[in-house]
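Here, each number is a calculation from the coordinates, and none is a lab measurement. This structure is a prediction, so every number in the text was calculated from the model and none was measured. Virtual Cβ from ideal backbone geometry, glycine too; neighbours counted across all protein chains shown.
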């Protein structure tokens, strides 16, 4: 049988605010993806917004389920931690691939910078 648990209003309000903030970050990331004109500019809003939105949703999940179980539930942190590690790496690799393709097509791009000679 399912039992209904009544949570305090302040906890429900904080959870709702965190979920709304996470969804606002997602909408802002999508808006930046559509609005910005260049591929390199369009890369950043979804990457940053999805990571910040995931942190807000994970925090809301932790607060809600910790209150339901009356103990600390931290397994939801795994998702934003992995996103915080993988999103910057993926963004960097996508930027390098796009830059390589632009160079191969002969378009005007910044010159390649190599750190092999110590910057001299």
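The combined condition, being assigned to a helix (DSSP H, G or I), touching a residue at least 12 places away in the same chain (Cβ under 8 Å), surrounded by fewer than 16 Cβ atoms within 10 Å (Cβ to Cβ) and under 19 Å from the mean Cα position of the chain (by Cα), is fulfilled by residue 40. Here residue 98 meets the list (1) surrounded by 14 or more Cβ atoms within 10 Å (Cβ to Cβ); (2) within 18 Å of the chain's Cα centre (by Cα) almost entirely, failing just condition (2).
Going through (1) touching a helix residue (DSSP H, G or I) at 6+ places or on another chain (Cβ under 8 Å); (2) under 30 Å from residue 3 (Cα atoms); (3) assigned to a helix (DSSP H, G or I) one by one, residue 78 falls short only on (1). For the stretch 46-75, filtered to residues that are under 8 Å from the mean Cα position of the chain (by Cα) and closer than 27 Å to residue 6 by Cα, the residue that is surrounded by the most Cβ atoms within 10 Å (Cβ to Cβ) is 53.
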